[in-house]
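First the structure, in the form of structure tokens, and then the observations on it.
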Amino acid sequence: MRKLIVLAATAALGLAVPAGAAEGIKWHTSLEEAVKASEESGKLVMLTLHTEWCGFCTKLEQETWPAEAVIAKSADFECASVDPEKTEVSDSYDDGSYPRTLFIRSDGEVVSVIPGFLPPEDFVAEMSQATENAGKLAEAEELAKGLAKPEDDLPHAFKIGALYAAIGRTKDALLWLTPAYEGREALPEADRGEVALAYGLRLAADLQHEKCLSVLQPFI
């Protein structure tokens, strides 16, 4: 009876309570609550955006979230599920496609995104990847603190760029990889090819095809 009262009250407030939430993933009642908990716990926020009309959202709730592996892994995160049609969500999180699961630091920085539906095994893998991404992002930011500009330390600039590249942050990666590539003659010869390859691949990801081909020509 108590569970029914809680669920009814939550529904009346327009809060999203996913299928299986009562005995599965521990969901916060709002994104704000999850962020506050993240500030205290140091865990990432796992935010899933969904709508009532979205078929793959229902599939995610019915097939993926009840899986034991997903429930167990969810303990590493502060979880929230929001319907953007009922609760306003920042445009930086909501691109209008659902379901969409974001892994967010307490400062609002997105470290990883799962677009659409994934079966349990793949979803768990992405959850693990999000944690790895957060670590790489923190490392890149820490390394960058000691550099006024990338040109001051090209090996570190390359390392920072490679960390950003590893988590798919192409624009950030290019900010550091570009000076590393342009100044590669000052690097050890063994590192020059690695710098060029990393830079070329990020250019490709940024759709700078002509420049990408020029940089990667020695590897083709």
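The values are calculated or read from the model by the stated rules, or taken from the named source; none is laboratory data. Being a predicted model, the structure only gives us computed values, none of them experimental. When we count neighbours, we look across all protein chains shown, and the Cβ atoms used for this are built from the backbone with ideal geometry, even at glycine.
A few remarks follow.
- Residue in segment 162-182 that is aromatic (Phe, Trp, Tyr) and touching an Asp or Glu at 6+ places or on another chain (Cβ under 7 Å) present: yes
- Sub-7 Å Cβ pairs linking a first residue in segment 89-100 that is at pLDDT below 90 to a second residue that is crowded, with 17+ Cβ neighbours inside 10 Å, at least 6 apart or interchain, are 89/49; 89/82, ordered by first then second residue.
- Within segment 83-125, the residues that satisfy the criterion of being within 15 Å of residue 38 (Cβ to Cβ) and either assigned by TED's automatic domain parsing to the domain that holds residue 166 or among the hydrophobic types (A, V, I, L, M, F, W, C) (or both) are 102, 103, 104, 110, 111.
- Per this entry, residue 25 is counted among residues that are over 23 Å from residue 92 (Cβ atoms), modelled with pLDDT of 95 or more and among the β-branched types (Val, Ile, Thr).
- For segment 162-217, a residue qualifies if it is in a loop (DSSP other than H, G, I, E, B) and among the acidic types (Asp, Glu), and exactly one does: 206.
- Look at (1) under 19 Å from residue 40 (Cα atoms); (2) surrounded by fewer than 14 Cβ atoms within 10 Å (Cβ to Cβ); (3) touching a strand residue (DSSP E or B) at 6+ places or on another chain (Cβ under 8 Å) and you find that residue 135 fails only one, number (3).
- Once segment 58-71 is narrowed to residues that are among the hydrophobic types (A, V, I, L, M, F, W, C) and assigned to a helix (DSSP H, G or I), the residue that is surrounded by the fewest Cβ atoms within 10 Å (Cβ to Cβ) is 69.
- Set 68, 121: member being over 18 Å from the mean Cα position of the chain (by Cα) and of a type in the set (D, E, K, R): 68
- Segment 46-60 residues that are within 19 Å of residue 126 (Cβ to Cβ), paired with ones that are surrounded by 15 or more Cβ atoms within 10 Å (Cβ to Cβ) and among the polar types (S, T, N, Q) (beta carbon under 6 Å, 6 or more apart): 48/81; 48/101
- Hey, residue 159 of a type in the set (D, E, K, R), within 12 Å of residue 198 (Cα to Cα) and assigned to a helix (DSSP H, G or I) or not: yes
- Filtered residues of segment 170-209 (kept if more than 18 Å from residue 143 (Cβ to Cβ), exposed (fewer than 12 other Cβ atoms within 10 Å of the Cβ) and in contact with a helix residue (DSSP H, G or I) (Cβ under 9 Å, 6 or more places away or on another chain)): 185, 186, 188, 209
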